[in-house]
Amino acid sequence: MTMYRIGVIGTGVVGSAVAILLQDKGHQVTGLYSKTGISAASLAERLGCRAFADPVELLGFAEVIFITTPDRELDHMASLLAGSGMVRGKHRFFHMSGALPAEVLTPLREQGGVICSLHPLQSFAGIQQALVNLPGSFFAVQGDASAMEIAYRIISDLEGKPFTIQGEDKPLYHLGAVIASNYLVTLMHYALSIFGSIGIPEDKAIAALLPLIRGTLSNIEELGPVKSLTGPVARGDSDTVGGHLKVVSKLNYSYTDLYKTLGRYTVEIALEKGSIDETQRNRLLKLFCEGAE
Ligand SMILES: NC(=O)c1ccc[n+]([C@@H]2O[C@H](COP(=O)([O-])OP(=O)(O)OC[C@H]3O[C@@H](n4cnc5c(N)ncnc54)[C@H](OP(=O)(O)O)[C@@H]3O)[C@@H](O)[C@H]2O)c1
């Protein structure tokens, strides 16, 4: 089976984890680059490869190149590499952004390179977490047809599951992922702040809430989100919602605002579930718009 010579530009959380996992699978990581050089040097020591002071040098040592810089640097890095005159038809460039299409790397395609975006639908808080979480993750693939064979091979070696996506759909796809992952963190932070306001320490609150969250996730997996909705909104219990609004308004404005916004969205789920009627919906919406008396 063909093994690739791999270069990574941007050896942060994702770039480092990809390099480590692919080298474990038998590929040869031949060159690394990072902005400060610190992360690239430490990863180079771990993998026994070279860290370069100039990303262009890497083009002479690798055919498969991951550009895993922050998203905002991708077009700049593509132009820099393309302007070097060192890009060849053998080069396959992959970025791993969820929001941006492969075409952010167009300058490299114009120089004969092949471009592709490979987005792991996963959140990585650190390299160690990424090494654990990457296997089993879904990957959104989009880009040049001639990149697909290598893209699928890499995903398979990362023990991921591929699916294709259109470039123009990536911003909405990424929005969905952000809501499911980042805003789940936001919701947890919000819930923990409320528990904290009555003196429950964060570690105890996390331990107590996790079984509830896991139970909810398992309901969603089994039944889908609409049938999984429980609680006062699903029951049309406007007295309880009114009570929440009274206490939350004593905490701070943003808590009240968020509670009302989420409540309005949730009312429509309850209506879809059929657990409330139009009268209950309107009573709840009035509360979530105007607040408790
Ligand atoms: N983290 C996630 O959960 C996650 C999930 C899915 C996809 N992604 C995608 O993966 C990519 C990398 O994200 P990350 O979380 O791994 O980022 P990160 O940890 O912040 O790492 C970014 C890396 O890029 C380097 N860098 C920064 N500016 C640069 C520049 N101008 N030129 C060259 N290198 C530069 C940094 O160098 P230094 O090390 O020297 O600072 C660092 O090695 C992004 O496209 C992101 O959207 C991330």
For q = 0.17 Å⁻¹, Debye-computed log10 I/I(0) when each Cα of the stretch 222-293 counts as one equal scatterer: -0.57
Among the stretch 20-50, those whose backbone N falls under 17 Å of a label point 7 Å along Cα→Cβ from MET86 are 29-37, 40-41, 49-50
Inter-probe distance in nm under a simple model that places probes 7 Å from Cα toward Cβ, at HIS189 and ASN252: 1.1
How much FRET efficiency would the formula 1/(1 + (r/R0)^6) give for VAL132 and ILE220, where r is the Cβ-Cβ distance and R0 is 25 Å, rounded to 0.05? 0.65
Under 16 Å from LYS250, Cα to Cα: lysines that are on another chain or at least 8 residues apart: LYS260
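How much of the calculated P(r) for the chain lies past 30 Å, in percent of all Cα pairs?
Result for the distance tail: 45 percent.
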Can you pull the semi-axes for the stretch 92-145, root of five times each eigenvalue of the Cα gyration tensor, sorted largest first, whole Å? 25, 10, 9
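Percent relative contact order of the chain, based on C-alpha pairs within less than 8 angstrom and at least six residues apart?
Taking the mean separation of contacting Cα pairs over the length of the chain, I get 11 percent.
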Are there any trypsin sites (Lys or Arg not before Pro) in the stretch 229-293 that are in a DSSP loop and have at most 14 other Cβ atoms within 10 Å? List them by number. LYS250
Taking the stretch 106-213 and dividing mean pair separation by its residue count, relative contact order in percent (alpha carbons under 8 Å, at least six apart): 19
Please report the relative contact order for the stretch 29-131, taking Cα pairs under 8 Å with a sequence separation of at least 6, and give it as a percent rounded to a whole number. 21
Which percent, to the nearest 5, of DSSP beta bridges fully inside the stretch 5-165 are antiparallel? 20
Of the peptides 185-193, 206-214, how do they stack up when ordered by the mean number of other Cβ atoms within 10 Å, highest first? 185-193, 206-214
Mean 1/r over all different Cα pairs, inverted: what Kirkwood radius does the stretch 8-75 give, in Å? 11.6
Potential extension, TYR265-ARG235 segment - 0.36 nm per residue separation minus Cα distance: 9.3 nm
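Sorted by average packing, counted as other Cβ atoms within 10 angstrom per residue and highest first, what order do 51-59, 156-164 take? Spell out each step's value before the answer.
Values: 51-59: 17.9, 156-164: 15.4.
Ranking, from highest mean packing down: 51-59, 156-164.
Computed from the coordinates by the stated procedures, all read-outs in this text should not be read as laboratory data. All values derive from a computational prediction rather than experimental measurement. Ideal geometry is used to build each Cβ from the backbone, glycine not excepted, and the neighbour counts take in all protein chains shown.
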